[in-house]
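To keep things clear, I will list the structure first and then write my remarks on it.
The values are calculated or read from the model by the stated rules, or taken from the named source; none is laboratory data. All of these numbers come straight from a predicted model, not from anything done at the bench. We place every Cβ from the backbone using ideal geometry, glycine too, and count neighbours over all the protein chains shown.
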Amino acid sequence: MRSHKQSLIVGGLFVVFIGGLGFFQHFQSFSPNRSSNSVKLKKPSRFEESRIEKTELVENEPSALFNDPAISQAWGLKKADAGRAWSVSKGSKNILVAVIDTGADIHHEDLDSNIWTNPGESGLDSSGRDKATNAIDDDRNGFVDDVHGWNFVSNNGLLTDNHGHGTHIACIVGAKAGNNKGISGISPEVSLMILKYFDPKVAGTDNLKNTVASIKYAVKMGANIINYSGGGTEFSQEEHDAIVEAEKKGVLFVAAAGNERSNSDVSRYYPADYGLSNIISVTAIDKQTEVLSSSNYGIETVDIAAPGNNIISCLPNSTYGTMTGTSQATAFVTGAAVLAMAKREAYKAVEVKKYILSTGDAESSLISKTRNYRQLNLYKALTMLDQGTNLAGVKSNDSFNNEFTSDPNLKRTKSVDEVSAFGKSLIKNLDKANRLGTKQPASGGVNSN
Ligand SMILES: [Ca+2]
Ligand SMILES: [Ca+2]
Ligand SMILES: [Ca+2]
């Protein structure tokens, strides 16, 4: 068990937006500890300054596609090119995502129909009772009445979200689209398995142990993708091995890079940095494509950047609000993976990871922050799936230099090679420690790769 602080990746301040009243309620959130002594972590050690932009409307394609009122505030959907991506794929109920988090409001108006139902714990048993509530482990998986997932904190099937973080993440991945409510998830068609590893109202729980159990459950029950927004700086063999099992089964593991404000190349953060082929490590950017000051980064360890600042999504009791952090960015990438897997259901983790990482938009601001200096682009990830042919039927060039030159959304002025050269010169000319602005390498022992 880890003795260090193990945190849920959560921004410091978020806002609840209640219906159309325009009433905002401020909440301060905290960083729970994944180890057993979580109670003492009420201190706001991971607080991050978070701007509140309640009136700004983002002109975007997603709002033209769907009638969901809060889409206009969802700048990240436009940034990730969701509008065009949805013309290719909106996801599929066949893709099962395990959201390992604080539970979720499974009755939320913008989420309920996308919650997974365990087929082995639904319908009627031989006595005519509902399998979901008959107090029998009908599918003999070791969990009684695990109809939508499992609560590993309280060891039951009640998935109530007493924090808000899990509901927020679930909706970024898979909120319903076109229902005239709330937002749209990145993949509005999906099945979400809710696995609860942390509850701020329950003291003394072992969050790491609950995490490992959640991963094992997800793999056993056939999840295609695991979304995980927690982590810590110590290696856990049990957690590593659980993700290796996921890797063997082709399950993608999308992990937050962390909100430690540190360089993960020198201070590893787990599970994002276990170095397994099925893990994508995600950091968070703002509207200007700058990695958030609170977010971890690393040109060797952090795979990709996605929107993570003031992200609007669901909160419990059918409310909505914004949160900030690499958790939110992680959910964006999970949604991208759903779209990709829906397009090519035979694809396993490695293929999906390859497409997502190689098709993002190259940005010079990410050169010193991520391995591939790319931000997530949903549309390109999908269109590249068509064997190098884009939606318009135009054969792409094999190199990344020219293949998107006709892209109307293309913002960058440098080719990837030019950016690469720029990046090399940057790296050559700047002292690494100064450039990255963080601590020196630790004295060994933290790198599991
Ligand atoms: Ca069961
Ligand atoms: Ca049952
Ligand atoms: Ca909606």
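Annotations
- Residue count for segment 94-129, restricted to those that are more than 16 Å from ligand 3 (Cβ to nearest atom) and either touching a residue at least 24 places away in the same chain (Cβ under 8 Å) or under 29 Å from residue 164 (Cα atoms) (or both): 17
- Single condition residue 140 does not satisfy, out of (1) charged (D, E, K, R); (2) closer than 25 Å to residue 286 by Cα; (3) within 12 Å of ligand 1 (Cβ to nearest atom): (2)
- For the condition surrounded by 22 or more Cβ atoms within 10 Å (Cβ to Cβ) and at pLDDT 95 or above, residue 101 qualifies.
- Test: residue in segment 177-190 that is of a type in the set (Asp, Glu) and under 28 Å from residue 346 (Cα atoms): yes
- Each residue in segment 37-90 was checked for being basic (Lys, Arg), at pLDDT 90 or above and within 19 Å of the chain's Cα centre (by Cα), and 3 pass.
- Selection of helices (runs of 4 or more DSSP H) fully inside segment 163-281 by the criterion of at least 1 residues being in contact with a Pro (Cβ under 9 Å, 6 or more places away or on another chain), more than 16 Å from ligand 2 (Cβ to nearest atom) and among the polar types (S, T, N, Q) returns 165-174, 207-220.
- Taking segment 122-134 as the range and being assigned to a loop (DSSP other than H, G, I, E, B) and away from ligand 1 (no atom under 11 Å from the Cβ) as the test, the residues that pass are 123, 125, 126, 127, 128, 129, 133.
- Residue 88 vs. criteria touching a residue at least 24 places away in the same chain (Cβ under 8 Å), away from ligand 3 (no atom under 16 Å from the Cβ), of a type outside the set (Gly, Ala, Ser) and over 20 Å from residue 226 (Cα atoms): yes
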